[in-house]
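Enquirer: Before we start, here is the structure in question, set down as structure tokens.
The values are calculated or read from the model by the stated rules, or taken from the named source; none is laboratory data. All values derive from a computational prediction rather than experimental measurement. Positions of Cβ are backbone-derived with ideal geometry, glycine not excepted, and every protein chain shown enters the neighbour counts. Just so you know, the surface numbers come from the protein's heavy atoms only, side chains and all, with ligands and any DNA or RNA stripped out. Shrake-Rupley method; radii C 1.70, N 1.55, O 1.52, S 1.80 Å.
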Amino acid sequence: MATAKKPCAKGRAAPAAPAAKVVKTPKFENAKVFAWVDKWNKICTPDRIVIVTGEKKQHDDICEMMVKKGQFVKLNQKKRPGCYLARSHESDVARVEGRTFICSKKEIDAGPTNHWMDPDEMRAKMTKAYTGCMKGRTMYVIPYAMGPIGNPITQYGIEITDSPYVVVNMNIMTRTGDAVLKHLGKDGDFIPCIHSVGAPLKKGEKDVAWPCAKNIDDKYITQFPEDHEIWSFGSGYGGNALLGKKCFALRIASKLAKEQGWMAEHMLILTLTSPEGKQYHVTAAFPSACGKTNLAMMLPKLPGWKLQTIGDDIAWLKPGADGRLYAINPENGFFGVAPGTSMDSNPNALASCKKNTIFTNVVLTPDGDIWWEDMGVDAPEEGVDWKGNPCYRCADDPKRMGPKPGMTKAEIKESGYVAAHKNSRFTAPAINCPVLDKDGFNGKFNKKPTGVPIDAMLFGGRRPSTIPLVNEAKSWTHGVFMGSAAGSEVTAAIISNDVGKVRRDPMAMLPFFGYNVCDYFQHWLEMERTSANPANLPRVYFVNWFRKTDKGEFMWPGFGDNSRVLKWICDRIEGKVGANETAIGNLPKFEDIDLSNNEGDPRFTVNPALLKKIITVDKAGWIKEIETVGESYDEYDRKASKDSKEVNPNARRVPAALRAKLAEIKAALAKAK
Ligand code: GTP
Ligand code: SPV
Ligand code: MN
């Protein structure tokens, strides 16, 4: 690769050196950047160091190098210009929550939901693992920004990595390169991040398609919240390795936000414009693979309503002098779930991956294109599945593929086989999105760099029963309660034995709290207490697109029909419609859900009888629900950590205001008809 060979005099790269000898650390104007790179150069002993510039040429060169090494498949450039396909190792297909650690000095500060290890112990353990870990490899230094460079909400990071896959994904997901170093100047601060796939190469050893530590127990995703540092080892996939995303923008940022009075949340951001031309900004926190990308880019079924995307995964929100919360999307691209993304469900996501996109773990078609389950198009007769094995179109369903020719749909289902991994993803530049709200995306509101003011915040999850289509909080505290009580079926976005089971996932942040969940709840409550004008805080709603009938069919079409719910929310904000004030919150009256343009494909049509059912209170279900929320609170109160069995006298407590809200709803339910 050209950049790697540049002489170090140009400050770009040091020449290759014989193994064990430390290459020269390149110059950096910023002393903290130099110290960070120099430290890890000496520990990891890479063969060479390359600084990521953010230039297209360097990006393309790295992609081409990966093609040559068999780590990328170059897709049909007529159909998908600038697009590549990667296949990961079978052990490395999603986030590893069991190997994710919050290493605060005191265990109690990591709280009951996080894995914890003493920071000194962890540093010693991981330093050992990092020693010599980049032998035979290139160390890349990625300067990156989370947010538009120069925006008051934006923060910066330096990720050191030995994975070219990480480099090109970070180039898409964040703003990388020289512009960031320039902005940092001599003494600008940043979050230091170190990442290695943990697979050094012996002299002359050929690299594999997806290097990583194959044993799950050798992977570490570690946050040091007090030092604001991120150390990741052994995995090359998604949130484990693209350290700007979950590690920085949620875990470390949530800690910074707590200290500094703002919020870092697992939320999409969208702009909605009514037929009258009024703009609303909405955020929504749904757990992984529960519909953020889809809602963020949704094509409204309701005539006259326009939806634009600002972000699909993470929001940073800062209170303004007017008491409103102003949000930016710290990311620069979408790391979206591929299966299920179709022209019917999310045409804007498909359009976003037309060019300059990296696909991971999807099917390769014979014409150099990609395919996945529920893409809405017929499968090719033959293809290559995510493991690199041949796959074949199903005998009786053109929209499925099986591992052998001529298999029936029933046989494929029975075998559990999927041709694209359930957590296969596309990494697409945000600018590709046809409905990107450019001003909002660039962190501007009314042309000023402040982020967009949020009118409504949604919580949600996959809940086959009990939870209504939409429920409005009666107050901020009630809204915080709703968030704290969120739960969802576990999805393939996580390597877990619990996929499909409902688990509590407060604010969709369970895997992403950088500190104690009880303190996090308190921080949400503080946002009202410390607000310059609490009346201007966003209204809070809980939505559920995933109610199912006894037969297991969705009761609500979801996707574009969710615009009907967003309209109801806007109508509530404007005071245009009333609501049924129930024990659990304010539910829509049937006649206030706009059912215009409810024709066509029956899969995407609202069934009015089912709608009626999902906007009422299921009293028995809710009594149980409140009980389980109480149990989750008790567990948070009881445990200082996941592993401690005893009541810890020092454990933080779930805030009294949330306990009071729980008791109030419980009492109201008991009285309700
Ligand atoms: P992460 O990137 O993991 O944080 O996921 P996400 O929250 O962005 O989820 P995404 O929008 O990618 O959706 C995940 C899956 O849920 C896809 O298979 C979608 O097709 C499906 N999905 C999204 N929205 C809806 C909906 O309104 N109804 C139904 N039934 N399915 C949906
Ligand atoms: C999620 O799991 O919430 C994701 C994918 O957005 S990852 O980046 O892997 O965390
Ligand atoms: Mn996510």
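Enquirer: Hey, can you tell me all the residues within the stretch 237-255 that are touching a His at 6+ places or on another chain (Cβ under 8 Å), open to solvent by less than 10 Å² (accessible area, probe 1.4 Å) and away from ligand 3 (no atom under 13 Å from the Cβ)?
Expert: If the condition is that a residue be touching a His at 6+ places or on another chain (Cβ under 8 Å), open to solvent by less than 10 Å² (accessible area, probe 1.4 Å) and away from ligand 3 (no atom under 13 Å from the Cβ), then A241, L243, I252 are the ones that fit.
Enquirer: When the stretch 296-318 is examined, which residues are found to be out of contact with any strand residue (DSSP E or B) (no Cβ under 6 Å at 6 or more places or on another chain) and not charged (D, E, K, R)?
Expert: L299, L302, P303, G304, W305, I314
Enquirer: Now for a different question. From the residues in the stretch 277-305 that are open to solvent by 10 Å² or more (accessible area, probe 1.4 Å) and over 24 Å from the mean Cα position of the chain (by Cα), which one is farthest from ligand 1 (Cβ to nearest atom)?
Expert: G277
Enquirer: Any residue at all in the stretch 352-362 that's surrounded by fewer than 15 Cβ atoms within 10 Å (Cβ to Cβ) and within 24 Å of Y237 (Cα to Cα)?
Expert: There is no residue in the stretch 352-362 that is surrounded by fewer than 15 Cβ atoms within 10 Å (Cβ to Cβ) and within 24 Å of Y237 (Cα to Cα).
Enquirer: Of the conditions (1) within 12 Å of ligand 1 (Cβ to nearest atom); (2) in a loop (DSSP other than H, G, I, E, B); (3) on the phi < 0 side of the Ramachandran plot, P330 clears all except one; give me its number.
Expert: (1)
Enquirer: While we're on this one: Within the set of pairs 6 or more residues apart or between chains, which connect a residue that is free of Cβ contacts under 8 Å to residues at least 60 places away in the same chain and farther than 16 Å from D594 by Cβ inside the stretch 296-308 to a residue that is crowded, with 18+ Cβ neighbours inside 10 Å and aliphatic (A, V, I, L, M) with Cβ atoms less than 6 Å apart?
Expert: Hits for this filter: A296/L268; A296/L270.
Enquirer: While we're here: Taking D369 as the residue in question, decide whether it is more than 28 Å from the chain's Cα centre (by Cα) and either open to solvent by less than 30 Å² (accessible area, probe 1.4 Å) or within 16 Å of ligand 2 (Cβ to nearest atom) (or both).
Expert: no
Enquirer: Please give the strands (runs of 3 or more DSSP E) falling wholly within the stretch 447-557 in which 2 or more residues are open to solvent by less than 20 Å² (accessible area, probe 1.4 Å) and β-branched (V, I, T).
Expert: By residue number, 539-543.
Enquirer: Would you be able to tell me the number of residues in the stretch 280-308 that are within 16 Å of ligand 3 (Cβ to nearest atom), out of contact with any Pro (no Cβ under 9 Å at 6 or more places or on another chain) and not in a loop (DSSP other than H, G, I, E, B)?
Expert: 7
Enquirer: I'd like to check something: does the stretch 327-339 contain any residue that is crowded, with 22+ Cβ neighbours inside 10 Å, without any contact (Cβ under 8 Å) to a residue 40 or more places away in the chain and not hydroxyl-bearing (S, T, Y)?
Expert: No, the conditions are met nowhere in the stretch 327-339.
Enquirer: Would you confirm whether any residue within the stretch 419-426 is more than 16 Å from ligand 3 (Cβ to nearest atom), within 23 Å of I328 (Cα to Cα) and at pLDDT 95 or above?
Expert: Among the residues of the stretch 419-426, not one is more than 16 Å from ligand 3 (Cβ to nearest atom), within 23 Å of I328 (Cα to Cα) and at pLDDT 95 or above, which makes the answer no.
Enquirer: Of all residues in the stretch 312-334, how many are closer than 16 Å to N348 by Cβ and in contact with a Leu (Cβ under 6 Å, 6 or more places away or on another chain)?
Expert: The number of residues fulfilling the criteria is 1.
Enquirer: Does D439 satisfy the criteria of being assigned to a loop (DSSP other than H, G, I, E, B) and touching a Lys or Arg at 6+ places or on another chain (Cβ under 8 Å)?
Expert: No, not satisfied.
Enquirer: Consider only pairs whose beta carbons are under 6 Å apart and that are at least six residues apart or on different chains; among these, list those whose first residue lies in the stretch 419-448 and is over 21 Å from M173 (Cβ atoms) and whose second residue is open to solvent by less than 10 Å² (accessible area, probe 1.4 Å).
Expert: Partner pairs satisfying both residue conditions: A419/V363; A419/D385; A419/C391; A419/M401; F445/V452.
Enquirer: Can you give me the number of residues within the stretch 52-93 that are more than 26 Å from the chain's Cα centre (by Cα), in contact (Cβ under 8 Å) with a residue 60 or more places away in the chain and open to solvent by less than 60 Å² (accessible area, probe 1.4 Å)?
Expert: Counting residues in the stretch 52-93 that are more than 26 Å from the chain's Cα centre (by Cα), in contact (Cβ under 8 Å) with a residue 60 or more places away in the chain and open to solvent by less than 60 Å² (accessible area, probe 1.4 Å) gives 4.
Enquirer: While we're on this one: Among the candidates F559, F521, F542, which residue alone is over 30 Å from T113 (Cα atoms) and within 25 Å of the chain's Cα centre (by Cα)?
Expert: F559
Enquirer: Within the stretch 377-388, how many residues turn out to be within 29 Å of the chain's Cα centre (by Cα) and more than 26 Å from N346 (Cβ to Cβ)?
Expert: 1
Enquirer: Which one of D550, D594, D571 is more than 30 Å from K255 (Cα to Cα), away from ligand 2 (no atom under 16 Å from the Cβ) and modelled with pLDDT under 95?
Expert: On inspection, the qualifying residue turns out to be D550.
Enquirer: Continuing with this model, one more query. Has the stretch 615-632 got any residue that is under 30 Å from E276 (Cβ atoms) and at pLDDT 95 or above?
Expert: Checked the stretch 615-632: at least one residue is under 30 Å from E276 (Cβ atoms) and at pLDDT 95 or above.
Enquirer: Related question: Looking at the stretch 310-321, which of the residues that are more than 20 Å from G461 (Cα to Cα) and part of a strand (DSSP E or B) is farthest from ligand 3 (Cβ to nearest atom)?
Expert: Filtering first and then ranking leaves P319.
Enquirer: Specify the residue that is nearest to T45 (Cα to Cα); the eligible residues are those in the stretch 139-155 that are open to solvent by less than 20 Å² (accessible area, probe 1.4 Å) and assigned to a strand (DSSP E or B).
Expert: Top of the filtered list is M139.
Enquirer: In the list S496, S484, S531, S465, which residue meets the criterion of being within 16 Å of ligand 2 (Cβ to nearest atom), in contact (Cβ under 8 Å) with a residue 24 or more places away in the chain and of a type in the set (S, T, N, Q)?
Expert: Unique residue meeting the criteria: S496.
Enquirer: Output the number of residues of the stretch 558-617 satisfying the condition of being open to solvent by 30 Å² or more (accessible area, probe 1.4 Å), among the aliphatic types (A, V, I, L, M) and farther than 21 Å from F546 by Cα.
Expert: 1
Enquirer: Just one of (1) touching a residue at least 24 places away in the same chain (Cβ under 8 Å); (2) not in a helix (DSSP H, G or I) trips up N171, so point out which.
Expert: So the condition that N171 fails would be (2).
Enquirer: For the stretch 256-279, give me each residue that is within 16 Å of ligand 3 (Cβ to nearest atom) and among the charged types (D, E, K, R).
Expert: Scanning the stretch 256-279 gives a single hit, E265.
Enquirer: Can you name every residue in the stretch 52-81 that is touching a Ser or Thr at 6+ places or on another chain (Cβ under 8 Å) and either β-branched (V, I, T) or on the phi > 0 side of the Ramachandran plot (or both)?
Expert: If the condition is that a residue be touching a Ser or Thr at 6+ places or on another chain (Cβ under 8 Å) and either β-branched (V, I, T) or on the phi > 0 side of the Ramachandran plot (or both), then V52, T53, G54 are the ones that fit.
Enquirer: How many residues are within 14 Å of ligand 3 (Cβ to nearest atom) and either within 19 Å of T582 (Cβ to Cβ) or in contact with a Phe, Trp or Tyr (Cβ under 9 Å, 6 or more places away or on another chain) (or both) when one looks only at the stretch 487-504?
Expert: Residues that pass the stated criteria total 1.
Enquirer: Ok, one more. With A289, A284, A296 as the choices, which residue is within 16 Å of ligand 2 (Cβ to nearest atom), of a type in the set (G, A, S) and touching a helix residue (DSSP H, G or I) at 6+ places or on another chain (Cβ under 7 Å)?
Expert: Going through A289, A284, A296 in turn, just one is within 16 Å of ligand 2 (Cβ to nearest atom), of a type in the set (G, A, S) and touching a helix residue (DSSP H, G or I) at 6+ places or on another chain (Cβ under 7 Å): A284.
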